[in-house]
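K.L.:
Sharing a structure with you now.
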């Protein structure tokens, strides 16, 4: 686990934060760790850090979800009905169709969602192509059988308005490094180098 997650305890004093990794990758790691008690992934919290008292004493705990590759697949036994927030590192939002489900869920259910990418231009393309042009199409294909409340439908329509814009910035937690030999796209490049908020943090509606 990356020690830099511990910085969150310093940036968020007097706060206890649990970061839950979920998805096919996390599920595969847990399956491989079964029967291996000395494996780091077998522990309840593979990474944990508590900041010094003078810095606020906040804690960060990282957990690998054992509820399956998709959030809510075992909703009847889930500790969390829905995530408090979603973060996707080096997401490649436009490259993987699975992101449409996540994006639609975050917008309609007011779940804060932020992503990072290797390049600023990738986020610019995602903001225009994925989040503007393809989102409603995804609503009628990927989510054609999902019934939304009037409030949820309105949130989605509001997001598609031409005046809605996405802010893109440099991620201070990015890691500089050389470009892949197979990558021919020019421009600044860094692992988790650039950030964009897909769904901002705001007050959750009482009625979803």
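K.L.:
Pull up the stretch 61-97, narrow it to residues that are exposed (fewer than 15 other Cβ atoms within 10 Å of the Cβ) and not in a loop (DSSP other than H, G, I, E, B), then point me to the one that is modelled with the lowest pLDDT.
P.N.:
This residue is 76.
K.L.:
While we're looking at this one, here's another question. Could you tell me which of the residues 104, 129 is at pLDDT below 90 and assigned by TED's automatic domain parsing to the domain that holds residue 202?
P.N.:
Answer to the check: 129.
K.L.:
Here are 169, 177: which of them is modelled with pLDDT of 90 or more and more than 20 Å from residue 111 (Cβ to Cβ)?
P.N.:
Details: 177 fails: modelled with pLDDT of 90 or more.
Matching residue, one of 169, 177: 169.
K.L.:
Can you tell me which condition residue 32 does not meet? The list is (1) in contact (Cβ under 8 Å) with a residue 40 or more places away in the chain; (2) over 24 Å from residue 140 (Cα atoms), and all the others hold.
P.N.:
Of (1) in contact (Cβ under 8 Å) with a residue 40 or more places away in the chain; (2) over 24 Å from residue 140 (Cα atoms), only one is false for residue 32: (1).
K.L.:
I need a count of the residues in the stretch 1-19 that are under 27 Å from residue 99 (Cα atoms), modelled with pLDDT under 90 and surrounded by 15 or more Cβ atoms within 10 Å (Cβ to Cβ).
P.N.:
Counting residues in the stretch 1-19 that are under 27 Å from residue 99 (Cα atoms), modelled with pLDDT under 90 and surrounded by 15 or more Cβ atoms within 10 Å (Cβ to Cβ) gives 3.
K.L.:
Which count do you get for residues in the stretch 134-159 that are over 21 Å from the mean Cα position of the chain (by Cα) and surrounded by 10 or more Cβ atoms within 10 Å (Cβ to Cβ)?
P.N.:
Of the residues in that region, 10 qualify.
K.L.:
Conditions: (1) modelled with pLDDT of 85 or more; (2) closer than 22 Å to residue 106 by Cα; (3) surrounded by fewer than 16 Cβ atoms within 10 Å (Cβ to Cβ). Residue 32 meets all but one. Number of the miss?
P.N.:
(2)
The values are calculated or read from the model by the stated rules, or taken from the named source; none is laboratory data. All figures in this text were calculated on a predicted structure; none of them were measured in a lab. Positions of Cβ are generated from backbone atoms using ideal geometry, with glycine treated the same way; all protein chains shown enter the neighbour counts.
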